């Protein structure tokens, strides 16, 4: 009889902070996104403002802030 053993490995918190930084740098922002992000950084501080901005973006509270979703939403559809 085979026994399956699962090993849980705890990932250090530093790793996740690094990944959050990488993800936020890869996402190009529209002008709307840049202004909202700057306003949130001014209101909440640099680190917390960025966290609030991306949390709001992923939740869907603010839309049209990153280029990828903006282009996807506004591209012309072919009518067949």
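The table that follows gives values for the structure above.
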{"quantity": "Any pair with Cβ under 6 angstrom, 6 or more apart, that starts in segment 47-63 at a residue that is without any contact (Cβ under 8 Å) to a residue 24 or more places away in the chain and ends at one that is part of a helix (DSSP H, G or I)", "calculated": "49/40; 49/41; 52/40; 52/44; 53/37; 53/40"}
{"quantity": "Selected residue (only one of 31, 50 is at pLDDT 90 or above, closer than 26 Å to residue 74 by Cα and in contact with a helix residue (DSSP H, G or I) (Cβ under 8 Å, 6 or more places away or on another chain))", "calculated": "50"}
{"quantity": "Extreme residue, nearest to the chain's Cα centre (by Cα), among residues of segment 34-47 that are closer than 25 Å to residue 73 by Cβ and crowded, with 16+ Cβ neighbours inside 10 Å", "calculated": "37"}
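The values are calculated or read from the model by the stated rules, or taken from the named source; none is laboratory data. Owing to the predicted nature of the structure, the values given are computational and were not obtained by experimental measurement. Glycine also receives a Cβ, built like all others from the backbone with ideal geometry; neighbour counts cover every protein chain displayed.
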